[in-house]
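The values are calculated or read from the model by the stated rules, or taken from the named source; none is laboratory data. Note that the structure is predicted; figures quoted are calculated from it, not measured. Here Cβ is always computed from backbone atoms with ideal geometry, including for glycine, and neighbour counts include all displayed protein chains.
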């Protein structure tokens, strides 16, 4: 059965590996991936590759999807971490029993909701991100993917393929 994923990226400077590797894994398994942001249209990544945000995340219902993934990149820190509308959307996603995931800076975005408080997660191993977990009472774990039954986090570009494989596995 085909499942649907919503990948939320920043409006600029998303990480290409963190978007494209999991997207390819899901699409290869027959699932549909929709790219969302805080604006629609062309978005340029950290390394100048481009993608198109088809929808604004707040214009779609999380319950229309089987998984919501917050993708990292240098723009995530600037645009998604402080976005209270997004943090509320992610909390609602979790309350509605939709699988919530984040990779790299996207994992820190998920942590900022408070939903990972007292739990383990991973992110890219740089101080700003590890401190972002710690500030939200989340224990950093150095591995590519940390999977709970309701929330999955990935560490970054090096773990992007493993993150995608984990999403495919749980959507079976």
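For the reader, a short list of remarks on this structure follows.
- Among the helices (runs of 4 or more DSSP H) confined to region 101-171, the ones with at least 2 residues that are over 20 Å from residue 66 (Cβ atoms), free of Cβ contacts under 8 Å to residues at least 12 places away in the same chain and more than 14 Å from the chain's Cα centre (by Cα) are located at 127-134.
- Scan of region 55-73 for residues that are part of a loop (DSSP other than H, G, I, E, B) and loosely packed, with under 15 Cβ neighbours inside 10 Å, ordered by number: 61
- Only one of 143, 139, 96 that is loosely packed, with under 15 Cβ neighbours inside 10 Å, in contact with a strand residue (DSSP E or B) (Cβ under 9 Å, 6 or more places away or on another chain) and over 25 Å from residue 50 (Cα atoms): 139
- Of the criteria (1) closer than 17 Å to residue 38 by Cα; (2) surrounded by 21 or more Cβ atoms within 10 Å (Cβ to Cβ); (3) touching a residue at least 40 places away in the same chain (Cβ under 8 Å), which one residue 78 fails: (2)
- So residue 76, is it modelled with pLDDT of 95 or more, part of a strand (DSSP E or B) and at negative phi: no
- Where residue 84 falls short, out of the listed (1) farther than 21 Å from residue 26 by Cα; (2) touching a strand residue (DSSP E or B) at 6+ places or on another chain (Cβ under 7 Å); (3) surrounded by fewer than 17 Cβ atoms within 10 Å (Cβ to Cβ): (2)
- The residue list 110, 141 contains one member that is more than 22 Å from residue 20 (Cβ to Cβ) and at pLDDT 95 or above, which is 141.
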